[in-house]
Amino acid sequence: MKSIELAGPSAEQYRLLVDAITDYGIYMLTPDGLISSWNAGARRFKGYEEHEVLGRHFSIFYTEDDLATGLPNKALRVAASEGRFETQGWRLKKDGSRFWAHAIIDPIRGPDGELRGFAKITRDMTEKHNAELELARSQDMFRRLVLGVTDYALYMISPEGIVTNWNAGAERIKGYAPEEIVGQHFERFYTAEDRAAGAPARALDVARQTGKFEKEGWRVRKDGTRFMAHVVIDAIRDPDGSLLGFAKITRDITERLQAQLELETTREHLLHAQKMEAIGQLTGGVAHDFNNLLMAVLSSLELLRKRLPADPQAMRLLDNARQGAERGAALTRSMLAFARRQEMAIQPVDVASLVRSMQDMLSSSVGTMIAVEIQFPANLPLVLSDPNQLAAAILNLAVNARDAMPGGGTIRITANGEGEFVHLSIADSGEGMDSDVLARAREPFFTTKGVGKGTGLGLSMVHGIAEQSGGRLELRSQPGEGTVAEIWLPVARKEASVVAAAPATVPAKPRQRQLKVLAVDDDYLVLMNTTSMLEDLGHEVVEATSGAEALSRLEEAGFDLIITDHAMPRMTGAQLAELVEEKWPGVPVLVATGYAELPDGAGRRLPKLSKPFSQGQLNDAIWEIVN
Ligand SMILES: Nc1ncnc2c1ncn2[C@@H]1O[C@H](COP(=O)(O)OP(=O)(O)OP(=O)(O)O)[C@@H](O)[C@H]1O
Ligand SMILES: [Mg+2]
């Protein structure tokens with residue numbers, strides 16, 4: 001290089017300048033690499049004083065690894081041949097510690113081009129280097145984290161909606177490998193309906209305008225199956241606000257959704273069961289009291305009929321009253337059946353022959369517009385139920401079917417044995433029920449048939465009878481698709497079938513004797529009626545309104561029979577019967593009950609009389625146990 005003499009700093013001034021610089025190590029090497037000058041910066045980074053390094057080879061600053069590859073000499077060769085050598089790397093300080101150096105080596109040549117040595121400029125970049133390393137490491141960790149997350153699908157999409165990367169969670173949830181999906185439009189994860197409605201573009205619009213889009217909805221996996229996704233889309237912008245793309249986070253919440261739905265249905269079932277239980281208690285209680293009242297009405301009417309002069313008009317009125325009371329008694333029985341407080345004579349029943357024996361009655365009940373098809377498989381097992389109650393239940397279901405087919409149709413009655421149960425099904429081709437009606441159909445007094453037409457007790461009663469038999473009532477229906485009502489009844493075990501024969505009619509016994517009867521009931525109205533009926537039958541009656549009173553009356557000898565109510569405060573009829581059996585073993589006790597209220601053991605042993613009873617039934621029951 002030509003040196004042009006200008007008025008400027010002298011060589012001495014240059015030396016002072018270089019010496020003063022502390023941020024750069026600036027020193028010179030001989031052509032062989034021996035250190036020939038040293039400045040303040042070099043002293044600061046490397047820790048050597050000038051006199052310690054002058055004349056030594058500059059390779060003392062290099063690590064063993066670099067020495068092994070001959071780096072120091074290579075650096076000089078490159079600098080000499082190419083005019084410059086620049087590098088970064090770890091160098092050693094005097095105390096053996098390392099610093100990250102950025103170094104430049106320039107050859108120094110004389111005017112003749114001959115190599116005089118090298119200028120070396122070194123900077124300590126340790127802090128910057130460490131910061132860079134740290135950044136790279138944390139970026140790498142973050143990348144691995146995102147890629148490795150499997151619970152969330154995390155990926156980015158371009159402003160146009162093209163998938164640009166794909167993590168493990170995305171692969172797991174959506175089923176695509178990265179190479180299958182990167183470069184594709186993200187709308188393929190949406191359902192066809194959502195795509196047609198423009199949902200993908202709308203989601204990006206919302207994210208673009210508000211910064212964020214969040215929603216739950218059905219998405220489609222690679223295999224075509226659907227899953228319920230919770231989706232968040234965030235707009236990603238560079239510092240000056242232009243849109244780089246979107247980050248998309250998707251979670252599969254199908255399981256959560258299912259668990260939620262299951263919880264809701266369980267809760268609904270529980271509430272429904274509780275409601276039915278409460279209605280049952282209420283209905284049962286009302287029906288029980290009603291039963292007693294109707295008994296009083298019916299028996300009084302019966303007695304009145306005997307005493308009235310034979311006036312046809314009076315008789316017609318009396319008949320009206322009796323029919324009304326009997327209709328009331330039938331309703332009461334349905335209510336008791338729903339409340340599962342009906343007297344049930346459970347026994348093995350052949351469902352097929354029961355239904356066949358009802359065929360004529362069913363046909364006439366449903367009318368000529370409706371065909372009744374009965375079809376049972378051979379070898380249907382016997383079931384456990386009360387045949388009379390079961391027949392009433394079947395009739396009720398047939399009448400419902402009729403009402404659902406005002407224009408005519410077909411009722412199919414079939415059954416199949418499945419494991420522990422026989423399913424007896426009564427299906428119609430009628431108008432069906434919507435889900436609201438279906439849900440409430442079994443509730444007592446629920447009817448869609450209008451005042452005076454339906455009482456809403458039909459299905460309640462069927463439901464109660466099925467449950468009291470140890471089975472249940474299932475209803476399936478849809479509007480316009482007809483209804484299937486299925487009574488599930490427990491299969492009777494083999495050994496039980498021998499008892500299937502109906503009890504032979506009891507031979508008539510002499511019924512002319514006058515008896516001394518103790519009548520016990522805490523309800524005075526009922527007691528008075530029983531007494532009237534007994535007296536009308538020619539018996540002598542002593543009354544008691546409690547168990548205790550009855551016991552004291554019994555001290556007076558000569559009773560042929562005790563007729564007692566069961567549900568009485570302090571002492572029940574069954575308890576009274578037990579005491580009587582101990583003290584007066586010869587006196588029979590007849591217990592009158594309105595529903596299945598006797599304790600199991602007592603229920604089987606004690607002669608019972610169902611309320612409400614007519615004078616004839618009372619008379620039959622008396623001569624059944626008195627001889
Ligand atoms: N087979 C059926 N098809 C369509 N709806 C039915 C059917 N069975 C019952 N339902 C609906 O369920 C309601 C309740 O039936 P349920 O038998 O308990 O009472 P009801 O028939 O209205 O009156 P009741 O039987 O006391 O005369 C009916 O009013 C009707 O809306
Ligand atoms: Mg009905």
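The values are calculated or read from the model by the stated rules, or taken from the named source; none is laboratory data. As the structure is a prediction and not an experimental result, all values here were calculated from the model. All Cβ positions, glycine included, derive from the backbone under ideal geometry; neighbour counts span all protein chains shown. Each accessible area value is taken on the protein alone, full model and side chains, heavy atoms only, with ligands, DNA and RNA left out. Shrake-Rupley method; radii C 1.70, N 1.55, O 1.52, S 1.80 Å.
A few remarks follow.
- Highest average packing first - 483-490, 138-145, 33-40, Cβ atoms within 10 Å: 483-490, 33-40, 138-145
- Percent accessible area from carbon and sulfur atoms, segment 395-504, protein chains only, probe 1.4 Å: 52 percent
- Segment 357-490 - charge dipole about Cα centre, Lys and Arg +1 at Cβ, Asp and Glu -1, debye rounded to 20: 260 debye
- Of all accessible heavy-atom area on segment 1-152, the percent that carbon and sulfur account for (1.4 Å): 55 percent
- Extension reserve of the residue 315-residue 141 stretch, reckoned as 0.36 nm per residue once the Cα distance is removed: 52.5 nm
- Using equal-weight Cα scatterers in the Debye expression, the normalised intensity of the chain in log10 at q = 0.05, 0.06, 0.09 Å⁻¹ is -0.54, -0.62, -0.95.
- Residue-normalised accessible area of segment 249-337, given per residue in Å² at a 1.4 Å probe: 65 Å²
- Cα gyration tensor category, rounded, prolate or oblate, for segment 270-371 with a/c compared to 1.5: oblate
- Carbon plus sulfur fraction of accessible area for segment 259-383, probe 1.4 Å, in percent: 57 percent
- Rounded to 5, percent antiparallel among DSSP beta bridges of the chain: 80 percent
- Over the chain, relative contact order from alpha-carbon pairs under 8 Å, at least 6 apart, %: 7 percent
- For residue 540, the solvent-accessible surface computed with a 1.4 Å probe is close to 90 Å², ligands and nucleic acids excluded.
- Burial ranking of peptide ranges 470-479, 447-456 (average Cβ count within 10 Å, highest at the top): 470-479, 447-456
- Normalised by the number of residues in segment 368-458, the average gap of Cα pairs under 8 Å and 6 or more apart makes the relative contact order 28 percent.
- Aspartates and glutamates with Cα under 12 Å of residue 174, excluding same-chain neighbours fewer than 8 positions away: 151, 223, 252
- Protection proxy ranking for 101-109, 313-321, using the average of other Cβ atoms within 10 Å per residue and placing the highest first: 101-109, 313-321.
- Surface accessible to a 1.4 Å probe, per residue, for the residues of segment 45-146, Å²: 61 Å²
- Using a probe of 1.4 Å, the accessible surface attributed to residue 190 totals some 10 Å² when neighbouring protein chains are kept in position.
- The distance separating the Cα centre of segment 156-226 from that of segment 422-493 comes to 47 Å.
- Residue 93 contributes about 60 Å² of solvent-accessible surface, heavy atoms of the protein only, 1.4 Å probe.
- Accessible area per residue, Å², segment 389-492 with all protein chains present, probe 1.4 Å: 42 Å²
- List 608, 174, ordered by accessible area with a 1.4 Å probe, largest first: 608, 174
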